1. Relative to the longest principal axis of the C-alpha atoms of the chain, give the angle of the C-alpha long axis of helix 59-72, reported between 0 and 90° and rounded to the nearest 10°.
2. Tell me the trypsin sites (Lys or Arg not before Pro) within region 1-34 that lie in a loop according to DSSP and have at most 14 other beta-carbon atoms within 10 Å.
3. Kindly write out, for region 79-89 in residue order, the coupling ³J(HN,Hα) from the Karplus curve 6.51 cos²θ - 1.76 cosθ + 1.60 (θ = phi - 60°), rounded to whole Hz, with x marking Gly and Pro.
4. What number, rounded to the nearest 500 deg cm²/dmol, is the helix-based mean residue ellipticity at 222 nm of the chain, given -39500 (n - 2.57) per DSSP H run of at least four residues and division by all its residues?
5. How far is helix 11-24 tilted off the main Cα axis of the chain, in degrees rounded to 10, range 0 to 90?
6. Once the principal axes of the Cα atoms of region 51-99 are found, what is the range along each, listed largest first in whole angstroms?
7. Calculate, axis by axis, the spread of Cα positions in the chain along the three principal axes, and write the results as whole Å, longest axis first.
Amino acid sequence: MGLFSAKDREFESKLNLLASVVEAHGGQVVSRHVQRRGVSSGGADKMGDPFSRRTLLSPGRAREIAEACRQRGVGVAVFANPLTDHQRAVLADMFGCPVLTGEDL
């Protein structure tokens, strides 16, 4: 999963690269989730706002991903973006599994 700017036209290829790294480490990609920043009405005005310090995601997207993790029995969630230790802890608690980044792989 990842947070990408609305201006980022390469987000799919970034997710594909991350998926190939996960698979090279013996993992299986069961789902992909994208949070686009600046896509919604008025969202472009928020591009300069800081990311969520807690989750890097909107509350709705975080709940959606947490539900998907529970339904699919996900063992590890992998983010395309760097995360702080606090974000990892909050997301791991929400998702019910460890949270890694592409940098960890």
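Every number here is computed from the coordinates shown, using simple stated rules; none is lab data. Worth saying up front: this structure is predicted, and the values here are computed from it rather than measured. Counting neighbours? That spans all protein chains shown, and the Cβs are built from the backbone with ideal geometry, glycine included.
1. Helix 59-72 sits at roughly 20 degrees to that axis.
2. Details: sites: LYS7, ARG9, LYS14, ARG32; in loops: LYS7, ARG9, ARG32.
In loop regions of region 1-34 (DSSP not H, G, I, E or B), the sparsely surrounded trypsin sites (Lys or Arg not before Pro) are LYS7, ARG9, ARG32.
3. 9, 6, 9, x, 10, 7, 4, 5, 4, 4, 5
4. On the way: 3 runs with 39 residues, N = 105.
That calculation yields -12000 deg cm²/dmol at 222 nm.
5. 10
6. Projected onto its principal axes, the Cα set of region 51-99 covers 27, 20, 18 Å.
7. 40, 28, 24
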